[in-house]
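S.K.: Dropping a structure here in C-alpha cells format, bear with me for questions.
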Amino acid sequence: MFINREISWLEFNQRVLNQAHRQDLPLLERIKFLSITASNLDEFFQVRVGGLMLLQRAGKNRPELTGLTPTDELARIRVRANAMVVEQYELLTQELMPLMQAAGLQPLRMDELDEIQLGDLEKYYAAGVAPLLTPLALEVEVPPVLPNLSLVLALELREPGAAGTRMVAVTLPEVLPRRVHTAALGQGYVMLEELCARFIGTLLPGEELVSCTPFRVTRNGDIAVAEEEGGDFAREMEEVLVARKFSDCVRLELPLGTDEALVARLQALVGADALATYRVPGLLRLVDFGRMAFEPGNDQHKVESWTPSWPASVDPSLSMFENISQGDILIHNPYESYEPVVRLIEEAAADPDVIAIKQVLYRTARNSRFISALCRAADAGKQVTVLVELKARFDERLNLAQGERLQRSGVQVVYGVKGFKTHAKVAMVVRRENAGLRRYCHFGTGNYNEDTARIYSDLSLLTCDDQLGADAAQLFNSVTGLTRLMPFRRIFPSPAMMKARLLELVEAETQRARQGGKASIRAKMNSLNDVEMMEALERASQAGVKIRLNVRGICCWFPGTEKGRACTRIVSIVDRYLEHARIFCFHNGGAPLVNIASADWMSRNLDRRVELMVPIENPALAERVLGILESCLKDNTQAYQMQADGASRPVENRHRPFAMQAHLQRQARQRARRQERASRQTLEPHLPRKPR
C-alpha cells in the first residue's frame, strides 16, 4: 500500500514538532526543535511545493502513486501546513514564551523600554544598522526582486498632501543579528525588525510613515541545471543560482492581522495568490530562535552535553596508517569522534610516502579541514583528484567556491557526472610502502563535514583491504573517466548495481519464507519511496518475512494485507542527534549479510545518483553494526510507530524504558574506558618502579 510522499514528509516534521511539545525537555532544547520544524518547512516549500507548482503550471497533472494530482497534493499540503503553522505558534505564544519570560530569555517590546534604553538602541541603529539599509520602491514599472527567505519590511508612505500611499521595501541584512543586545538592555534583547520599525522613518525623511509590516517571501528552489553536452557545468550551475533569485514565489508570510488592502498589494507585487499566503500569529522566521540553544551560557536551560568518545579501536599515539594497518576500523559519530577520519586526510597531505589522494565531496563545512588538507597535499606535489558535486541543493554556491579553491592549489577537480548526482562517501589514499603501493580507504554514510558530524549520526569504515581498495580505485576511474561500470569485487554502486542487489536479497528472503524457513529484513534509512523496493517488500511481507524498518523521514509503504502487517514494524526515531546512517541487514539463512550505504531506498538514490553500498564482513564489526540496528528497533522512548494511514504514534513504553541514542552514548564511553584501562595495564609493567 502506497502513501503520499509529501504527506509522509509533513508527518515526519510533526514528529520533530512533537519534541518541542515535550515538557520534560529543557527550554532551549524545545526551542531548538521548534526552529528545526520551521527550517524544514522552508526547504519543503522551496523544493517540494515549488516542484508541484511547476508541474501544475505546466499542465502536467498526472496522478502519482496514490492517485493524487499535483493540484490535489498542493491542496492537501496547504491544509496540513497551515495546521502545523498554527500549532507552532500556539506552542510558542502559549507555552514557550511564558517560560522564556520566566527565564529572562524573551524578547523585550519597544513600548516597555525606558528613555535610556531607547536612546541606546537609537545610537546602535544609527551607527550599525541604518548604513546597511536600502529602501527599494516597489510600485514601479520593473519591481525589484526581493530575496528568498529574508525578513523584509514593507513601508507604506504618504507624501505631504497626497491622497494615496506608496510602497517601499527594506530588506534586513543577514549580517546583522536578529536579536539585538545593547549595554542598556542588560541581559535582554529586542528583535531587529522591531528596532528598525521604530527608527526607520529617518530613512525616508519628508514622508509620513503610515505603516511598517514585516513579511517574507519563499521562492521556488526546484530549478535544475540543464546539462548540455560539452557545456561548462560550473557556469551552468551559476546560472541556476541566479535563476533561483528570480524564481516564482511559492509562499508569502505576513503577521496575522495585517490590513487586507496591504496584503493584496504585497500579493500582487510578489506574485502570490491567496492559497500561497500564510498569516503568521507571531514573529516571522522562527528558525533564528534555534541559535540560542548553541550559544554560550544558559546551560540550565539546555540538555546535558554529550562529548564524543575517542574511538576505542584507534590508538591516538599511532598514525592513522598504522591504525588501519592493524585491522578495519568502524566509527559511529557523534558518539565517537569523527577526528580520525579528518586525521587520515590531514596525515596523508603531510606524509612524504603518500603519492595520491582521491575523494568525493558532496557537502562540506564552510571552513573545511578536508579542503585545507587537500590543498596542502596538492601544494606538496601529490596527485590529488576531487569530485565536487555541484548539484548538492542549497550548497551549490559553497561547492563552487570550494572547487575553485582546490583548483587554484593544483587539485584535479571533476564536477560530477552528467545526468547524475554523485552522493557516494568515499576517499582513497595511495601510499608507497615496503610491499609496494597500498590503498587506504574510507567508506561512509555521511558527508565529509566535520561540523555536521557532531550532530548527525553516521558510520565510517576505515580499511586497507585489498579488494575494497581495488573497488574504490575502479569507482573513481569509472566516475572521472565516464567509463562503463564493470562488476566490482565487494561493493555495490548505484545506479548500476545497488538496486539489483537489494532486490535480489529481498527476493531471497521471500523465497526462504515461502519454503518455511526463517527470513528477516532489518534496515535503517532516512527515506523509502522507490516503487520496485516497495513492491518487493510487499511481496516479502505477504510471504511472512519478518520486516523491521527504521525510517527517519519519508516512508511511502505500509503492508497492504493483514498478514503483511502482522510481520512488519516500521518505526522512526527523533532525538537530539539527526539519524542519518543507512544499514541494511538480511538474515541469509542464519549468516547475516550486513551492509552500510550512502543511499536511501529512494528512486533518486538508486536510479539517479552515484552511491555506494559496502558489506561489513569483519565479524566483530558486523556484530556491532547489528547492535546499532537492533537498538534502533528496540527504542521505546523516542520512537514512533507507523500506522496504516501513514500517521505515526509514539511507541508505547510497556516495559523498561530504552532510549537508543542514550544507550549508544553509554556504549561508546564504556568502550573508550575499557580501552584506556587496557592501555594502562599494557604500559604499567614497563614503567620504572619507584624506589622503596
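S.K.: Sort out which residues of the range 1-39 are of a type in the set (Lys, Arg) and either farther than 16 Å from ARG552 by Cβ or touching a helix residue (DSSP H, G or I) at 6+ places or on another chain (Cβ under 7 Å) (or both), and write them in order of number.
M.R.: Selection gives ARG22, ARG30, LYS32.
S.K.: Which ones in the range 460-478 are touching a Phe, Trp or Tyr at 6+ places or on another chain (Cβ under 9 Å), buried (at least 19 other Cβ atoms within 10 Å of the Cβ) and touching a residue at least 24 places away in the same chain (Cβ under 8 Å)?
M.R.: Passing the criteria: SER460, LEU461, LEU462, THR463, CYS464, LEU468, GLY469, ALA472, LEU475.
Results for (1) free of Cβ contacts under 8 Å to residues at least 60 places away in the same chain; (2) open to solvent by 10 Å² or more (accessible area, probe 1.4 Å); (3) touching a strand residue (DSSP E or B) at 6+ places or on another chain (Cβ under 7 Å), shown as yes or no for each residue.
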{"position": "GLY517", "(1), (2), (3)": "no, yes, no"}
{"position": "LYS524", "(1), (2), (3)": "no, no, yes"}
{"position": "VAL531", "(1), (2), (3)": "no, yes, no"}
{"position": "GLU535", "(1), (2), (3)": "yes, yes, no"}
{"position": "ALA540", "(1), (2), (3)": "yes, no, yes"}
{"position": "ASN550", "(1), (2), (3)": "no, no, yes"}
{"position": "CYS555", "(1), (2), (3)": "no, no, yes"}
{"position": "GLY560", "(1), (2), (3)": "no, yes, no"}
{"position": "THR568", "(1), (2), (3)": "yes, yes, yes"}
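S.K.: To continue, here is another question. I want to confirm something. Restricting to the range 440-489 and keeping residues that are of a type in the set (D, E, K, R) and under 17 Å from ILE329 (Cα atoms), which single residue is farthest from the chain's Cα centre (by Cα)?
M.R.: The residue in question is ASP466.
S.K.: Also: Quick check on my filter: what residues within the range 37-74 are free of Cβ contacts under 8 Å to residues at least 40 places away in the same chain, aliphatic (A, V, I, L, M) and assigned to a helix (DSSP H, G or I)?
M.R.: Of everything in the range 37-74, just one residue is free of Cβ contacts under 8 Å to residues at least 40 places away in the same chain, aliphatic (A, V, I, L, M) and assigned to a helix (DSSP H, G or I), namely LEU55.
S.K.: Hey, could you check the range 396-407 for residues that are touching a residue at least 24 places away in the same chain (Cβ under 8 Å) and open to solvent by 30 Å² or more (accessible area, probe 1.4 Å) and say which is nearest to the chain's Cα centre (by Cα)?
M.R.: Within the range 396-407, the match that is nearest to the chain's Cα centre (by Cα) is ARG397.
S.K.: Does ALA126 fit the bill of being crowded, with 20+ Cβ neighbours inside 10 Å and closer than 21 Å to GLU207 by Cα?
M.R.: no
S.K.: Moving to a separate point now. Going through the range 1-30 one residue at a time, which ones are of a type in the set (A, V, I, L, M, F, W, C), under 23 Å from ARG565 (Cβ atoms) and not in a helix (DSSP H, G or I)?
M.R.: MET1, PHE2, ILE3
S.K.: Can you find, within the range 136-146, the residue that is nearest to the chain's Cα centre (by Cα) among those that are open to solvent by 50 Å² or more (accessible area, probe 1.4 Å) and in contact (Cβ under 8 Å) with a residue 40 or more places away in the chain?
M.R.: VAL145
S.K.: Only one of these is closer than 29 Å to GLY327 by Cβ, buried (at least 21 other Cβ atoms within 10 Å of the Cβ) and not charged (D, E, K, R): ALA591, ALA622, ALA639, ALA599. Name it.
M.R.: ALA599
S.K.: So which residues in the range 268-306 are in contact with a Ser or Thr (Cβ under 9 Å, 6 or more places away or on another chain) and under 27 Å from SER457 (Cβ atoms)?
M.R.: LEU286, VAL287, ASP288, PHE289, GLY290, ARG291, MET292, ALA293, ASP299
Here is a yes/no grid of residues against (1) farther than 26 Å from VAL263 by Cβ; (2) open to solvent by less than 40 Å² (accessible area, probe 1.4 Å):
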{"residue": "GLU156", "(1), (2)": "no, yes"}
{"residue": "ARG166", "(1), (2)": "no, no"}
{"residue": "ALA169", "(1), (2)": "no, yes"}
{"residue": "LEU172", "(1), (2)": "no, yes"}
{"residue": "LEU176", "(1), (2)": "yes, yes"}
{"residue": "ARG179", "(1), (2)": "yes, yes"}
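S.K.: When the residues of the range 95-119 are filtered to those that are part of a loop (DSSP other than H, G, I, E, B) and over 16 Å from ALA197 (Cβ atoms), which remaining residue is most open to solvent (accessible area, probe 1.4 Å)?
M.R.: Only one residue tops the list, namely ASP114.
S.K.: Now, a different point. For the range 447-470, enumerate the residues that are more than 15 Å from VAL429 (Cβ to Cβ) and part of a helix (DSSP H, G or I).
M.R.: Within the range 447-470, THR452, ALA453, ARG454, GLN467 meet the criteria.
S.K.: Test GLU253 against the stated conditions and say whether it is acidic (Asp, Glu) and modelled with pLDDT of 95 or more.
M.R.: Taking the combined requirement at face value, the residue satisfies it.
The values are calculated or read from the model by the stated rules, or taken from the named source; none is laboratory data. The model shown is predicted, which means the values in this text are computed figures rather than measured ones. Counting neighbours? That spans all protein chains shown, and the Cβs are built from the backbone with ideal geometry, glycine included. For accessibility, only protein heavy atoms count, side chains too; no ligands or nucleic acids. Shrake-Rupley method; radii C 1.70, N 1.55, O 1.52, S 1.80 Å.
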